[in-house]
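The values are calculated or read from the model by the stated rules, or taken from the named source; none is laboratory data. Everything numeric here is computed off the predicted structure, so don't read it as measured data. Methodologically, a virtual Cβ is constructed for each residue, glycine included, from the backbone with ideal geometry; neighbour enumeration extends over all protein chains shown.
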2 protein chains.
Amino acid sequence: MTEPATGRVAIVLFSGGLDSTTCLAIAKSEGFTPVALSFRYGQRHTVELDCAAEIAASEGVEHLIADIDLAAFGGSALIDASLAIPKHESLEELAAEDPGNSGVPITYVPARNTIFLSFALAVAEVRGSSDVYIGVNAVDYSGYPDCRPEFVEAFQSMANLATRAGVEGDPLVIHTPLIAMTKGQIVQLGAELGVDYSRTSTCYDPGADGGACGHCEACLLRARGFDDAGIADPTRYTSG
Amino acid sequence: MTEPATGRVAIVLFSGGLDSTTCLAIAKSEGFTPVALSFRYGQRHTVELDCAAEIAASEGVEHLIADIDLAAFGGSALIDASLAIPKHESLEELAAEDPGNSGVPITYVPARNTIFLSFALAVAEVRGSSDVYIGVNAVDYSGYPDCRPEFVEAFQSMANLATRAGVEGDPLVIHTPLIAMTKGQIVQLGAELGVDYSRTSTCYDPGADGGACGHCEACLLRARGFDDAGIADPTRYTSG
């Protein structure tokens, strides 16, 4: 157990989803005062941003939303409404369609985590913080290159050459508490920390009522996480 | 001399200033089809963006402007109108005020080059490009941590773990053709490549007429560059 951070500021990348909401709870439990950072980046729906704002408000956490127009560049189904989000009945069906789990899926957004972490780095520098939390996960993930531990380590090395702190101050630490956990373990830990998962949004393609589709890879991974944790799934699914 | 790139796309970070305009000319001379990328990032003036748009149009170069609100975070005189841009009569006077050239100046924008390169990485990935140009310069520079060669090398290493290309494709190369050149050498090379420097804007704090102030560090370094190159300075200075 490391020393508690006793009120030092940590910047927490925060989408309002299951992983980043758990990350926020972990940063708090480790003694940090979190500043939550979300992005309006041209995503095809803003359900997750609404969830993020509600969770931050109820937790009494400062919440920044940065406007960046990634959709102007295109290149992903998450930001390009002309590309369909793949839907499946189960993770097994999904795996059967792509037996080698080859390639990077269409829901990958080019350089998204690099851009998000770059903004977190800027906010950390302005706030005099040396700590950034990101809820990436290398176990139950979707083959995104920018969720791998080697990416995060390389970003941290780069960040410590990029800023004033890299020249004059404390080195930046990028915390990835979820990186080696299964979704089930994440849900289990979050439940122990009191996370209210009914407030979080994970779905890539929610219905008009804001409910989850239940069939995108994010929904399927989330549902299996609750199942594995033996915790009732509080997700509100769309009625159409 | 390496092989010419014969029409391959390169993303060129492009402010409309002396360095990045020279970079654009170099990318062209090396056979690339440049895509120029500028940012509306909350800078205190947009003279340089106007220059960038005019230069790109006259060169027939595709020009993207990304909107990102760095000013919301503050932390630099370049994006915070309440902080004054330091002014000096000469580089010698500036050096005398800070004999050890210690520290990072107030015009440094937190994590700016990290953010700019992250967007360039995204555009490169979407366009299938493996080449990014950035006009950083480690000789006549202002002590910015994110202009150093070790920063750029670390960014390149990180970038090659961050994207689809890092998993499946050609590695990304970040070109820094100016990194070891003096301002005089940059001006000399640009002149040989036909750059019209009268169109470029370098000043941190131009007058209402768009003319350069002549007294900020950027103006002083630029003026010395023309002087060292033995080329008449085409800069239009403000009349008030």
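Some notes on this structure:
- For beta carbons closer than 6 Å, sequence separation of 6+ or different chains, a first residue in the stretch A:58-73 that is within 12 Å of chain B (Cβ to nearest Cβ) and a second that is among the aromatic types (Phe, Trp, Tyr) and assigned to a loop (DSSP other than H, G, I, E, B), the qualifying pairs are A:68/A:41; A:70/A:41.
- None of B:212, B:223 is within 18 Å of residue B:90 (Cα to Cα) and either in contact with a Cys (Cβ under 7 Å, 6 or more places away or on another chain) or hydroxyl-bearing (Ser, Thr, Tyr) (or both) except B:212.
- Being at pLDDT below 95, touching a helix residue (DSSP H, G or I) at 6+ places or on another chain (Cβ under 7 Å) and under 30 Å from residue A:63 (Cα atoms) is a property that residue B:72 lacks.
- For the stretch A:185-200, the tally of residues that are of a type in the set (Val, Ile, Thr) and part of a helix (DSSP H, G or I) stands at 2.
- Restricting the stretch A:142-158 to residues that are more than 7 Å from chain B (Cβ to nearest Cβ) and touching a residue at least 40 places away in the same chain (Cβ under 8 Å) leaves a set whose member that is surrounded by the most Cβ atoms within 10 Å (Cβ to Cβ) is A:144.
- Of all residues in the stretch B:198-240, those being farther than 15 Å from residue B:182 by Cβ and more than 18 Å from the chain's Cα centre (by Cα) number 16.
- Qualifying residue in the stretch A:166-184 (condition: more than 14 Å from chain B (Cβ to nearest Cβ), part of a helix (DSSP H, G or I) and crowded, with 22+ Cβ neighbours inside 10 Å): yes
- Among the criteria (1) within 15 Å of the chain's Cα centre (by Cα); (2) outside any helix (DSSP H, G or I); (3) within 28 Å of residue B:124 (Cα to Cα); (4) at pLDDT below 95, the one residue B:146 does not fulfil is (2).
- Boolean, residue A:122 is out of contact with any Lys or Arg (no Cβ under 7 Å at 6 or more places or on another chain), within 28 Å of residue A:50 (Cβ to Cβ) and surrounded by 24 or more Cβ atoms within 10 Å (Cβ to Cβ): yes
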